[in-house]
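The values are calculated or read from the model by the stated rules, or taken from the named source; none is laboratory data. Just so it is clear, the model here is predicted, and its values are computed rather than measured. In this analysis, Cβ positions are derived from the backbone assuming ideal geometry, glycine residues included, and neighbour counts consider all displayed protein chains. Accessible surface areas use protein heavy atoms only, side chains included; no ligands, DNA or RNA. Shrake-Rupley method; radii C 1.70, N 1.55, O 1.52, S 1.80 Å.
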Amino acid sequence: MIRVVILGAGNVATHLSNAFLNTNKVDIIQLYSRKKSSLKHIDNQINTTTNLNDLKTADVYIIAITDDEIALFSSKLPLKNSLVVHTSGSLAMNKLHDKFRKGVFYPLQTFSKNKKIDFKSIPICIEAKNNDDLILLEKLASIISKNVYQINSKQRESLHVAAVFVNNFVNHLYHIGNKICMNHNVPFEILEPLIQETASKVLYLPPYEAQTGPAKRKDEKTIKNHLLLLTNNQQKIYTILTQSISTTYGEKL
Ligand SMILES: NC(=O)c1ccc[n+]([C@@H]2O[C@H](COP(=O)([O-])OP(=O)(O)OC[C@H]3O[C@@H](n4cnc5c(N)ncnc54)[C@H](OP(=O)(O)O)[C@@H]3O)[C@@H](O)[C@H]2O)c1
């Protein structure tokens, strides 16, 4: 049994604790949150605390809090020589405080508390300063996922920026598409099969080959007409992406 303490009660902490609860190989000894009110949705089988001085002994401490707070937070942990990992895609492992053994346990997926997710297919990127800890993290990750990768901090940073493009930016573009539909009284759901096909096509074709649309075809009249339908901010985004596609496929528009 691997004993785990989770620090944080947000999206990742919630999904990780649910995934560990569903196995009989991990014991969630405790979950810490700075506010009692943030613990409401945490499964009541889990022992919780709002006091860092009450932290129990565990094999792994997983910090799943806001990126910008991790370094300072880690310096406040009353632990020595324990294995402490964070779940961030962008933060280097060495930003954790030097007083303990360090590692990373980064699940590469988008998590929202209210959306269920199957952890088995989620890639977990692990890193540790020493080999025994790497073996332990590999064991822990393999209990909940089939896809475990050893990725160093530099590689993880690139992976994270790529993830921002393929997830966060794409989702923002869905939001813009949704707004345009709402403003013109057309149901967004008509676009759903297109959204699904766009995502599934790149599993079969490289994204470069999957590209279609007016920017790739150099349909200048269509592009001009589209720009007339958009707000200032939408025009800027449309123009940057159109130029990027056009440059990628050779000729300037
Ligand atoms: N969400 C994702 O899709 C995703 C995917 C992979 C990795 N990650 C990484 O996982 C980590 C957590 O992300 P998240 O999406 O779960 O965040 P989140 O839902 O916004 O939750 C953030 C948590 O951090 C706590 N927190 C913030 N500042 C704190 C401080 N100074 N001291 C103690 N606790 C503090 C918050 O506590 P309160 O409730 O008290 O405010 C909350 O429990 C981040 O490193 C993120 O990069 C996120």
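Below is a table of values for the structure above.
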read-out: Amide H contacts of residue 65 (H built 1.01 Å from N, under 5 Å, at least 5 apart or other chain); value: 87
read-out: Under Karplus coefficients 6.51, -1.76 and 1.60, residue-wise ³J(HN,Hα) of region 48-62 in Hz, glycine/proline x; value: 10, 8, 10, 10, 4, 6, 9, 4, 8, 6, 9, 7, 9, 10, 10
read-out: Cα-centre dipole for the chain with unit charges at Cβ (Lys and Arg positive, Asp and Glu negative), debye to 20; value: 360 debye
read-out: Point-to-point label distance, residue 225-residue 196, nm (Cα→Cβ direction, 7 Å offset); value: 2.9 nm
read-out: In sequence order, calculated HN-Hα J values of region 151-158 (Karplus, 6.51, -1.76, 1.60; Hz; x Gly/Pro); value: 10, 7, 4, 5, 5, 5, 4, 5
read-out: Those lysines that a straight Cα-Cα span of less than 20 Å connects to residue 95, excepting residues fewer than 8 apart in one chain; value: 76, 80, 129, 154
read-out: Calculated FRET efficiency for the pair residue 23/residue 182, C-beta based, R₀ 41 Å, to 0.05; value: 0.45
read-out: About the Cα centre, charge dipole magnitude for region 63-163 (Lys/Arg +1, Asp/Glu -1 at Cβ), debye; value: 200 debye
read-out: CD proxy at 222 nm, helix term only [per DSSP H run n ≥ 4: -39500 (n - 2.57); per residue of the chain; nearest 500]; value: -12000 deg cm²/dmol
read-out: Residue 48 long-range amide H proximity, modeled H, under 5 Å; value: 31
read-out: Segments 163-175, 237-249, 53-65 sorted - mean Cβ within 10 Å per residue, highest first; value: 53-65, 237-249, 163-175
read-out: Surface per residue (accessible, 1.4 Å probe) for the chain, Å²; value: 62 Å²
read-out: Cα-based shape type of the chain, given that a ≥ b ≥ c are square roots of the gyration tensor eigenvalues and the cut on a/c is 1.5; value: prolate
read-out: Share, in percent, of DSSP beta bridges within the chain that are antiparallel, nearest 5; value: 20 percent
read-out: Theoretical gain in end-to-end length, residue 243 to residue 171 [0.36 nm per residue, Cα-Cα removed]; value: 23.9 nm
read-out: Table column - 3J(HN,Hα) (Hz), region 161-177, Karplus curve with 6.51, -1.76, 1.60, x for Gly and Pro; value: 5, 5, 5, 4, 5, 7, 10, 4, 5, 4, 5, 5, 5, 4, 4, 5, x
read-out: Set of lysines near residue 179 by C-alpha distance (under 18 Å), chain-local residues within fewer than 8 positions excluded; value: 236
read-out: Surface share of carbon and sulfur [accessible, 1.4 angstrom probe, percent] for the chain; value: 51 percent
read-out: Label-to-label distance, nm, for residues given as residue 218 and residue 146 (7 Å Cα→Cβ offset); value: 4.5 nm
read-out: Residue (of 243, 232, 211) at the positive-pole extreme of region 206-250, dipole from beta-carbon charges; value: 232
read-out: Within straight-line cross-link reach of residue 25, lysines at Cα separation under 16 Å, skipping those fewer than 8 residues along the same chain; value: 120, 139, 146
read-out: Distance between modelled label sites at residue 94 and residue 131, nm, 7 Å Cα→Cβ extension; value: 2.1 nm
read-out: Positive-end residue of 142, 106, 64, charge dipole of region 33-155 with Cβ unit charges; value: 64
read-out: Point-charge dipole on Cβ atoms (K/R +1, D/E -1) for region 1-148, about Cα centre, debye to 20; value: 300 debye
read-out: Top of 98, 219, 133 by mean-square fluctuation, Gaussian network on the chain, Cα under 10 Å; value: 219
